[in-house]
Amino acid sequence: MKIQESAENYLETILVLHQRNGHVRAIDIAGELDFSKPSVSIAMKNLRENGYVEVDGAGHITLTEAGLEIAQRIYERHTFLAGWLSALGVDPAVAAEDACRMEHVISAESFDAIRQFVRRHPEQLLPK
């Protein structure tokens, strides 16, 4: 099922914050993304209603199995693409920004082909 880019960004952010802090609350997401708390609350409500996150009584947000699957896929794309672009000589900040956009629009087929090529031919990334 295709979900919106903004939902993917929220799920990826929840994954990263959980890895970093061990727990995630709406205020953490708002701070990380520089969004207002009401905007994050609306997004969390939508993600909860669609079965991607759960929120406990203390306000801690966790990814469901479906949410985790999407978050891991997007995060893998982000880290791979940012690293690949950096290896090609792109400034790391630009590479991260570009990867953030690319991770949502690249097809699974194209991403897998790029990843397989890079793994088979790492020498192609070395400067001549």
Which residue, of Glu103, Glu69, is within 17 Å of the chain's Cα centre (by Cα) and either at pLDDT below 95 or on the phi > 0 side of the Ramachandran plot (or both)? Glu103
Cβ pairs under 6 Å, 6+ apart or interchain, first in segment 24-53 and of a type in the set (Gly, Ala, Ser), second not in a helix (DSSP H, G or I), ordered by first then second residue, are Gly51/Thr64
Filter result for Val118 (in a helix (DSSP H, G or I), in contact (Cβ under 8 Å) with a residue 24 or more places away in the chain, farther than 19 Å from Asn21 by Cα and not assigned by TED's automatic domain parsing to the domain that holds Asn21): yes
Pull up segment 1-51, narrow it to residues that are part of a loop (DSSP other than H, G, I, E, B) and touching a strand residue (DSSP E or B) at 6+ places or on another chain (Cβ under 7 Å), then point me to the one that is nearest to Gln72 (Cα to Cα). Val24
Based on this model, can you work out whether Ala87 counts as in contact with a Leu (Cβ under 8 Å, 6 or more places away or on another chain), under 24 Å from Ile114 (Cα atoms), among the aliphatic types (A, V, I, L, M) and surrounded by 20 or more Cβ atoms within 10 Å (Cβ to Cβ)? no
Tell me, yes or no, whether segment 30-37 has at least one residue that is outside the structural domain of Ala99 (by TED's automatic domain parsing), surrounded by fewer than 17 Cβ atoms within 10 Å (Cβ to Cβ) and farther than 18 Å from Val16 by Cβ. yes
I'd like the full set of residues that are loosely packed, with under 15 Cβ neighbours inside 10 Å and at negative phi, limited to segment 17-29. Gln19, Arg20, Asn21, His23, Ile27
State whether the residues of segment 83-91 include one that is in a helix (DSSP H, G or I), in contact (Cβ under 8 Å) with a residue 40 or more places away in the chain and not assigned by TED's automatic domain parsing to the domain that holds Ile14. yes
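The values are calculated or read from the model by the stated rules, or taken from the named source; none is laboratory data. Just so it is clear, the structure is predicted and the values come from calculations on it, not from any experiment. Cβ sites come from the backbone with ideal geometry, for glycine too, and all protein chains shown count toward neighbours.
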